[in-house]
Every structure is written in C-alpha cells, then in structure tokens.
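The values are calculated or read from the model by the stated rules, or taken from the named source; none is laboratory data. All values reported here derive from a predicted model rather than from experimental measurement. When we count neighbours, we look across all protein chains shown, and the Cβ atoms used for this are built from the backbone with ideal geometry, even at glycine. In case anyone asks, the SASA skips ligands and DNA or RNA and just uses the protein heavy atoms, side chains included. Shrake-Rupley method; radii C 1.70, N 1.55, O 1.52, S 1.80 Å.
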Amino acid sequence: MRKEAQEKDKMDKSLYNNYCGILKAELVPALGCTEPIAIAFAAAKARDVLGCLPEHIEMSCSGNIIKNVKGVTVPNSGGMKGIDAAATLGVVGGDADSQLEVLENVTREHIEKTRRLIEKGFCSCNLVEDVANLYIVACAKGQGHEAEVTIINRHTYITKIVKDGQTIFECSLEHDEDSNAVDRSKLNVKDILDFADEVDIDDVREVLERQVAYNTAIAQEGLNKNYGAQVGRTLIQYYGNNVKTRARAKAAAGSDARMSGCSLPVVINFGSGNQGMTVSLPVIEFAKELNLSEEALFRALVVSNLIAIHQKKYIGSLSAYCGAVSAACGAGAAITYMTGGGYEKIGETIVNTIANVGGIVCDGAKPSCAAKIASAVDAAILAHYMGMVNRTFHPGEGIVKESVEETIRSIGYIGRVGMKHTDVEILNIMIDKVDVAQ
C-alpha cells in the first residue's frame, strides 16, 4: 500500500460504490474470444426467437467484428474458425441464456452437425459499413418465418429483436442498463489509488478471486500444452524462470490457449479476455515473488483493472489500437503500487508504457496476440523499473503531455479518432480488398 494512503480523507461513498460497480460490471467470465462468442450468442438468440432450427442464418457485422473473428478458433468447436463456425455452432448447440458462456455445453454431436451445415452454406456473412465498431445482426430464417437480433456496443447488449417484420423488443443505446449502472467517466488515477487503499476487500472479493482462479488456470493450460505459436512456452524455455519472464509468459500462455480454442473460461476486462489476462497474470506473478498477502494482491488487482478500464473508456471496446497495451499499462501500475510506489511513480509507469508501445496495432484476434501481450508486458515492467527511480519521458516528447491524465486522454484520442482510417485499411488487407504492392 502507498505511503500517502496513511493520511487522507475517506473517498465519497457514491464514488466508492461506483468503483465497486465498475469492477463487478467489467470483470465477468467469458468462454473463448469475446467476438466469436458474441456472434454465437446473437445466433443462438435468433434461433430462440424463431422457435425452430433455422434453414439459414445471415450475419451482418461491422469490420471490427469480422477482423476479430476471422483468425481465432471458436471454443468448443473442434478447431473451427470464423463467423460461419461461431454462428452455426451458436444455432446448433448454443445456450443464449448463458450469454458469454453460450458455447459451454456444446457436444461432439453439435460440432459434427455444425460442420455438415457449414459445408451446405448454412451461414452467410455481410460487412456493414458506417456502424458502431461492435455491431452484429443475426437473421435466422426457417419454416416460413424470420427472426432478427441486433447487438451494438457491448458483446451481449441486444438493442432490437424483430420477428416476421414486427419489432418485439427495442432498447436504445442510451438505455443500456448494465452500462449506465456505473459511471466510467469518474475514473482517474488519483481516485483509483485512493479506492485501492481503502476498499473493503469483501466488497470486491468475489470478482477478484474468480479473476485469479480462472485466469491462472488457463495460463497454466497454455504452458502445459501446444496451443497456437506457444509464445508463453517459448519465453520460459529461452528466457529463464525469473519473475519478469514469468509475468510475460503467463499472460502470453493464457492468450496462446484462448486464441486457439481452449474451452476454459477467463475473467475479462472491458470486454476482452486477452485484456483480462494481461491485466491480472503479471500482477499475480509479482505478488508471488514479493510474498504478498491475498489482500495486498487484491488491492493491486483493483489498481490494474481500473487503470486499464480508465484508458479503454476513451478508446472503446474495438479499435485499431491494441488493447493489450492498456491492460499491460494497468499491470505495470499495479506492480509499482505493490512495491510502494506513490502517485508520482505510478503516473510515471503509465506514461513510460504509453510512450513506448502506444503504437501496437490490432489486426484481429489470433495467435499472435500472445506475442503482442508479451511485448506490452515487457514494456510495462521496464516502465515500472524506470518509474521507481524517477526516470520518465517528459511532456512534449511525442504524445506525452503535462500530466498522466492528459497523456491517457492523448492516447485515447489516437485510438478512437486517429486510428479510424488505419482500422479500415487493416480490414481491407485482411479481406484482400487492396493491392499492398501498389
């Protein structure tokens, strides 16, 4: 705990409750990469509304959804990838009531039936332009009827349901109850640190215990087996077993497993499993190395999770900006917090990370995410060590501004506005719409 935490006023109760609410809203379990899971959820819900097994399902998606589903293995699918696999499996064996764990109870028979339907062209997909970055419409047709389910902005937020041309449910984005129940705009580094110092651990114990248990389990799974490009195992094999390597390897190994279809759930952060693992596993490893108590670990996880969410609120769920950077930045801040660093040193850790790896682009969910996570965590650890001895990048150097809050807003603007065109061109390359040799 920080030294300055010993003498300060208690934070406002409404702000305290808001911060508890943010953690409970964001740190939820998900089975598999959240974009294909959102596809499966929408398709399963459309089947339920239709009331029978569809004869065909059509998915209309934003470019960011297509980008994040194209190269990742759908969990519990027997190794299948892509929108058609996610949607078809959602129709055949998905449980819409389970939301982000929609594919938890898929059977071998469901997988075999999914393969047969895909071969027959059961699912089609369209790119929809000029919509929200997270946009999915599932349209199921069968027995002369049609059902349509629309999801916008959050992976399970249904904004509209239509059956046979009649709207049976509609909810505007302004009435997103889960999103509006908490106010993420109230997040700032100083209040996050105050909250971490004084939070009653029992108020956040359930979500943090689950984050530690789930994310540790999938990280170990990734180290034990040959998932993806085995980034985590490579780090341990060639870089040794010190805490700096373990912090990178555990986070990367979790992504190795998750991006390659491992069926174990993770606790996400701001809608992303990769971010959920990146924000937690390095902190867990450093806490072990420092022989910290469970309470000290939980307070550090409060810091890491909220710092990451604080940055992502400016960027949004999906962007051309790699979310692993925001998550690793949170982890670095938490490591500085665990080792006694105060507001200034934690701010320097955040600034140092952003100034270093703020340019990593997101080209979809796929095995190489594990390597990006490893690089981002490495940068955050370097940022931590620099910050602890007051070595930092200064205002005017690139996008670094006068304060940590201004710097966070700067990178948020780049991710949200500056990289919009980059996002389009990344998608064009992925779907072979441009000649990169021109």
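Determine, from the Cβ-Cβ distance of H394 and K225 and an R0 of 45 Å, the FRET efficiency 1/(1 + (r/R0)^6), rounded to the nearest 0.05.
0.50
Of the listed pairs K70/K288; K366/K401; K45/K113; K225/K366, which have alpha-carbon separations greater than 29 Å here?
Table pairs above 29 Å Cα-Cα are K70/K288; K366/K401.
Answer rounded, prolate or oblate for the range 107-254, using the Cα gyration tensor with square roots of eigenvalues a ≥ b ≥ c: rounded when a/c is under 1.5, else prolate when a/b is larger than b/c, else oblate.
Oblate.
Please check: in the Gaussian network model of the chain (C-alpha springs, under 10 Å), which one of D97, D363, D48 has the largest mean-square fluctuation.
Looking only at D97, D363, D48, the largest GNM fluctuation is found for D97.
Which of A196, A324, A252 moves the most in a Gaussian network model of the chain with Cα springs under 10 Å?
Highest fluctuation among the options: A196.
What percentage of the solvent-accessible surface of the range 167-276, computed with a 1.4 Å probe over protein heavy atoms, is contributed by carbon and sulfur atoms?
So the carbon and sulfur contribution to the accessible surface is 46 percent.
Which value in deg cm²/dmol, rounded to the nearest 500, describes the helix-derived mean residue ellipticity at 222 nm for the chain, given -39,500 (n - 2.57) per DSSP H run of n ≥ 4 and division by the residue count?
Result for the chain: -17000 deg cm²/dmol, rounded to the nearest 500.
In nm, what is the difference between 0.36 nm times the number of residues separating S172 and D203 and their Cα-Cα distance?
Difference between extended and current length: 8.1 nm.
What length, rounded to one decimal in nm, is gained on full extension from N105 through to E55, with 0.36 nm per residue of separation minus their alpha-carbon distance?
Working it through step by step, the gained length comes to 15.8 nm.
For K372, list the aspartates and glutamates whose Cα falls under 12 Å from its own Cα; do not include residues on the same chain fewer than 8 positions away.
D256, D363
Springs between alpha-carbon pairs under 10 angstrom, Gaussian network model over the chain: which of V377, V279, V128 fluctuates most?
Per the Cα network of the chain with a 10 Å cutoff, V128 tops the list.
Given points 7 Å out from each Cα along the Cα-Cβ axis, report the S403 to D130 separation in nanometres with one decimal.
3.9 nm
Between the helical axis of 273-289 and the dominant principal axis of the chain, each derived from Cα atoms, what acute angle in degrees is found, rounded to the nearest 10?
30 degrees
Subtract the Cα-Cα distance of E294 and K141 from 0.36 nm times their separation in residues, and report this length gain in nm to one decimal.
Length difference between fully extended and current span is 49.9 nm.
For the range 344-385, just the Cα set please: Rg and Dmax, both in angstrom.
When restricted to Cα atoms, the range 344-385 yields Rg and Dmax of 11.4, 36 Å.
Mind running the shape call on the chain? Use the C-alpha gyration tensor, a ≥ b ≥ c as the square roots of the eigenvalues: rounded below 1.5 for a/c, prolate if a/b tops b/c, oblate otherwise.
Judged from the Cα gyration tensor, the chain comes out prolate (a/c at least 1.5, a/b above b/c).
How many percent of Cα pairs in the range 185-332 exceed 23 Å?
32 percent
Rounded if a/c is under 1.5, else prolate if a/b beats b/c, else oblate: with a ≥ b ≥ c from the C-alpha gyration tensor eigenvalues square-rooted, which is the range 294-438?
Judged from the Cα gyration tensor, the range 294-438 comes out prolate (a/c at least 1.5, a/b above b/c).
Once phi is turned into ³J(HN,Hα) by the Karplus curve 6.51 cos²θ - 1.76 cosθ + 1.60 with θ = phi - 60°, what whole-Hz value does each residue of the range 340-345 show in order, with x for glycine and proline?
So the Karplus estimates, Gly and Pro as x, are x, x, x, 4, 5, 5 Hz.
I'd like the distance separating the alpha-carbon centroids of the range 89-125 and the range 200-232, in whole Å.
The range 89-125 and the range 200-232 have Cα centres separated by 26 Å.
Over what distance in Å are the Cα centres of the range 281-345 and the range 37-75 separated?
33 Å
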